[in-house]
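> Below are the structure tokens for one structure; questions will follow.
The values are calculated or read from the model by the stated rules, or taken from the named source; none is laboratory data. Remember, predicted model here, so these are calculated numbers, not experimental data. Here the Cβ is made from the backbone with ideal geometry for all residues, glycine too, and neighbour counts use every protein chain on show.
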Amino acid sequence: MPDFFEYLVYSSQRHDYGRYIRTCARPNGTQQNVRCRSLMGCMDRLESMLTQIVYDTPPRVHAVLEKPAPGVHVLVDEALMRPGTGFDGNHDRVSWWKGRPVEGREVTAMASEVLDVLNSRAVIPGDNLITRGLDLRALQDGDRIRAGEVVLERTASIHKPCALFAARISEEARRAVLATQTRGALFVVREGGFVRTGDPITRL
């Protein structure tokens, strides 16, 4: 990774997909906007940054979110998870998509390192669990992790970035995480209990 974070900002005031700005946040806190020459050039750079992420800190829970109503994301210090339903504070259709339930989608997770590259806060995408230090792409169907008191099992269902993800962050981000498979992972709860911000995550 370079010695500064780079991310893409769509120039929404112009509504022109040919005009993008690359913002470089340097270590001293200053920022510099540089206009990209093309959409593909920006996309290639963003995808490159996502594939170069290094998960070099002890795995832990970075943030916990409940979704009490559609489109409502609430940061909480702790949450109760139950086998068969997922987060206790979620609304009852949180695992539905296009009018039907999605199997293996009790808990959604995304890495905070990916959000750093996308310049997005943890509350924005709508995932229940934001991790730190864990490469979610490395988990295979059936792999289990423990987060706090909870045991989660990775499912075969794919965590795809959708139109809502694009609306909440950007279309560029949606394309980039789709191409790099960095949207995150979907889980079912095998052992219920509480999960708290800062809890360690271990692979079982």
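> If only one of Val123, Val114 is surrounded by fewer than 17 Cβ atoms within 10 Å (Cβ to Cβ), of a type outside the set (Lys, Arg) and either touching a helix residue (DSSP H, G or I) at 6+ places or on another chain (Cβ under 6 Å) or on the phi < 0 side of the Ramachandran plot (or both), which one is it?
On the way: Val114 fails: surrounded by fewer than 17 Cβ atoms within 10 Å (Cβ to Cβ).
Just a single option satisfies the conditions, and that option is Val123.
> Mind counting the residues in the range 131-148 that are over 22 Å from Lys160 (Cβ atoms) and either of a type outside the set (Gly, Ala, Ser) or touching a Gly at 6+ places or on another chain (Cβ under 9 Å) (or both)? Explain how you work it out, then say what you get.
Filtering the range 131-148 down to residues over 22 Å from Lys160 (Cβ atoms) leaves 132-133, 144, 146-148.
Adding the requirement that they be either of a type outside the set (Gly, Ala, Ser) or touching a Gly at 6+ places or on another chain (Cβ under 9 Å) (or both) leaves 132, 144, 146, 148.
Going through the range 131-148 one residue at a time, the tally reaches 4.
> Filter the range 181-194 down to residues that are under 13 Å from the mean Cα position of the chain (by Cα) and of a type outside the set (Lys, Arg) and give me whichever is surrounded by the most Cβ atoms within 10 Å (Cβ to Cβ). Explain how you work it out, then say what you get.
Keep residues of the range 181-194 that are under 13 Å from the mean Cα position of the chain (by Cα), which gives 181-186.
Checking the rest, the ones that are also of a type outside the set (Lys, Arg) come to 181-182, 184-186.
Values: Gln181: 15, Thr182: 25, Gly184: 23, Ala185: 28, Leu186: 25.
Once the filter is applied, the top-ranked residue is Ala185.
Yes/no per residue for (1) within 21 Å of His73 (Cα to Cα); (2) modelled with pLDDT of 85 or more; (3) under 14 Å from the mean Cα position of the chain (by Cα); (4) not assigned by TED's automatic domain parsing to the domain that holds Gly84:
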{"residue": "Asn119", "(1), (2), (3), (4)": "yes, no, yes, no"}
{"residue": "Gly126", "(1), (2), (3), (4)": "yes, no, yes, no"}
{"residue": "Leu129", "(1), (2), (3), (4)": "yes, yes, yes, no"}
{"residue": "Leu136", "(1), (2), (3), (4)": "no, yes, yes, no"}
{"residue": "Gln140", "(1), (2), (3), (4)": "no, yes, no, no"}
{"residue": "Asp143", "(1), (2), (3), (4)": "no, yes, no, no"}
{"residue": "Gly198", "(1), (2), (3), (4)": "yes, yes, no, no"}
